[in-house]
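Right, one structure below, let's go through it.
The values are calculated or read from the model by the stated rules, or taken from the named source; none is laboratory data. These numbers were taken from a predicted model, which means no experiment stands behind them. All Cβ positions, even for glycine, are placed from backbone atoms using ideal geometry, and neighbour counts span all protein chains on display. Note: areas computed on protein heavy atoms with side chains; ligands, DNA, RNA excluded. Shrake-Rupley method; radii C 1.70, N 1.55, O 1.52, S 1.80 Å.
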Amino acid sequence: MGLSAQGTPLCQGGVHLMGEGTMPDLAMERAHLALAERDVIEGEDRVFRQEELMALMRSQGQNTAEAEALLRVLRETLLVWKAHRDQILRTIASLET
């Protein structure tokens with residue numbers, strides 16, 4: 001089992017890997033949700049800052065090709081992070097029933 005940079009179990013296909021036969025518990029999923037929410041907020045901030053930077057670059061007549069490529073990657077990453085957060089929310093909902 002691998003750990004993320006935050007020391008939490010890695011996730012594969014929306015399932016948190018915690019070891020053989022271990023089921024997710026509500027407290028752990030809520031902790032994962034807090035991390036996922038933080039990632040989404042930070043990702044949204046990165047997208048916003050990149051868009052602002054690109055606007056400045058355009059106003060100065062600079063080439064924005066690389067900045068646009070980075071913005072695409074930031075947006076794609078944000079979509080993955082939101083999907084991960086949504087999976088955690090579904091897991092929490094199933095544990096609360």
Show the residue pairs that are 6+ apart or on different chains and have beta-carbon atoms under 7 Å apart, the first residue being within the range 56-81 and under 27 Å from residue 35 (Cβ atoms), the second being among the charged types (D, E, K, R). 71/51; 74/46; 78/44; 81/39
Can you name the condition, by its number, that residue 14 falls short on among (1) modelled with pLDDT under 95; (2) loosely packed, with under 12 Cβ neighbours inside 10 Å; (3) of a type in the set (Gly, Ala, Ser)? (2)
For the range 23-45, check the following and say yes or no: at least one residue is surrounded by 11 or more Cβ atoms within 10 Å (Cβ to Cβ), in a loop (DSSP other than H, G, I, E, B) and modelled with pLDDT under 95. yes
Among the residues of the range 57-72, are any open to solvent by 90 Å² or more (accessible area, probe 1.4 Å), at pLDDT 95 or above, touching a helix residue (DSSP H, G or I) at 6+ places or on another chain (Cβ under 8 Å) and basic (Lys, Arg)? no
